[in-house]
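Here the structure comes first, spelled out in structure tokens, and everything after it is commentary.
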Amino acid sequence: MRKINIAIVQWAPEHLDLDKSIEKGLTAIEKASQAGADLVVFGETWFSGYPAWLDYSPKAALWDHPPMKSVFSRMMQNALQADSKEMARLQQHAKALKVNLVLGATEYAPKISRGTLFNSIFFIDQKGVIQNHHRKLVPTYTEKMLYGHGDGHGLNAVDFDGVSVTGLVCWEHWMPLSRQALHDQGEEIHVALWPKVHEMHQVASRQYAFEGRCFVLAAGQMLRVSDFPEELDAPVSLKPKDWVLNGGSCVIGPDGKYLIEPVFDEEKIVFAELDITRIQEESMTLDVTGHYQRPDVFDLQVNRKRKGSD
């Protein structure tokens with residue numbers, strides 16, 4: 001048997017505060033490692049917080065709105081950079097604890113653009129090396145106010161201790177060719193990062209597991225109304241302690257069934273042990289990279305060139 005222990009960190013980050021989010025993230029990694037985790041996952045833009053307030057604050061989307069400009073500036077100041085002391089701390093922690101990390105982050109890449117943010121995933125191995133760096137291809141709906149388009153450079157599987165791991169962000173899971181590009185690389189664990197894993201996100205995550213014959217770690221976020229930026233008003237119908245993002249993290253097997261049911265309305269670390277050999281069992285009936293593929297009919301080409309430079 002080939003087994004791996006995983007952990008999904010369903011804790012609220014310190015929204016719009018990168019330093020405090022790093023400290024909280026390091027604590028979570030240490031707790032997960034102490035519990036035996038080999039792979040630790042953080043949700044979509046966990047560093048430092050998913051901007052769900054865009055969909056709730058009545059004035060957030062107003063044209064030329066000074067408070068929103070102020071929030072965007074703070075987002076940029078508290079975004080994670082690939083080559084930074086904050087990233088170095090995460091890499092050093094992974095190396096010291098001998099754990100692999102998959103991190104969702106709002107990323108700032110000033111060498112590419114001084115005014116654009118990216119919705120990104122970083123894959124860090126237990127030696128502290130960034131093995132893959134994916135930027136969300138298409139920001140979804142209101143996210144377009146904040147994030148730029150990514151590229152195909154990060155559509156790769158990484159080898160974490162002999163296990164092939166991939167990841168996508170949110171609605172990338174409804175982009176059929178993105179899914180196939182990762183399936184074709186023999187993924188065994190897929191990390192699905194979401195703001196919250198509500199019903200349709202559960203559907204997409206379970207479908208991905210069934211289609212790809214892989215394990216899916218669906219990671220959800222936590223956000224209270226009290227975490228909204230002080231510059232933006234919340235709807236009067238919401239109370240400060242109400243959850244706007246309420247998690248839903250879960251673990252799905254290669255047959256599309258839950259190994260760990262969705263966890264809502266609770267900050268916790270979700271743990272599971274995965275038996276990778278189960279993939280072989282489920283591949284007998286469906287393998288979209290092998291006996292259920294027709295390369296003589298379909299030809300998928302992926303442009304993995306990085307836009308600009310890091």
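The values are calculated or read from the model by the stated rules, or taken from the named source; none is laboratory data. This structure is a prediction, so every number in the text was calculated from the model and none was measured. As a convention, Cβ positions derive from the backbone with ideal geometry for all residues, glycine included, and neighbour counts pool all protein chains shown. Heavy atoms of the whole protein, side chains included, go into the accessibility calculation; ligands, DNA and RNA do not. Shrake-Rupley method; radii C 1.70, N 1.55, O 1.52, S 1.80 Å.
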> So which strands (runs of 3 or more DSSP E) stay within region 198-310 end to end and still have 3 or more residues that are of a type in the set (Phe, Trp, Tyr) and under 30 Å from ALA35 (Cβ atoms)?
Replying inline: none
> Could we say that ASP265 is in contact with a Pro (Cβ under 9 Å, 6 or more places away or on another chain), more than 23 Å from MET175 (Cα to Cα) and open to solvent by 90 Å² or more (accessible area, probe 1.4 Å) here?
Replying inline: no
>> Conditions first: (1) on the phi < 0 side of the Ramachandran plot; (2) of a type outside the set (D, E, K, R); (3) out of contact with any strand residue (DSSP E or B) (no Cβ under 6 Å at 6 or more places or on another chain). CYS170 passes all but one, so which condition is the exception?
In response: (1)
> Can we say HIS173 is open to solvent by less than 10 Å² (accessible area, probe 1.4 Å), without any contact (Cβ under 8 Å) to a residue 60 or more places away in the chain, assigned to a helix (DSSP H, G or I) and under 22 Å from ILE276 (Cβ atoms)?
Replying inline: yes
>> When the residues of region 150-170 are narrowed to those that are touching a Ser or Thr at 6+ places or on another chain (Cβ under 7 Å) and either farther than 18 Å from GLY104 by Cα or aliphatic (A, V, I, L, M) (or both), which ends up surrounded by the most Cβ atoms within 10 Å (Cβ to Cβ)?
In response: LEU168
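With ASP17, ASP38 as the choices, which residue is in contact with a strand residue (DSSP E or B) (Cβ under 8 Å, 6 or more places away or on another chain), of a type in the set (Asp, Glu) and modelled with pLDDT of 95 or more? It would help to see each step written out before you state the result.
Values: ASP17 fails: in contact with a strand residue (DSSP E or B) (Cβ under 8 Å, 6 or more places away or on another chain).
None of the others qualify; the one that does is ASP38.
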> What are the residues in region 1-10 that are open to solvent by 10 Å² or more (accessible area, probe 1.4 Å) and assigned to a strand (DSSP E or B), if any?
Replying inline: LYS3, ASN5
> Tell me, which residue of region 121-145 that is open to solvent by less than 10 Å² (accessible area, probe 1.4 Å) and touching a residue at least 60 places away in the same chain (Cβ under 8 Å) is nearest to GLY25 (Cα to Cα)?
Replying inline: ILE121
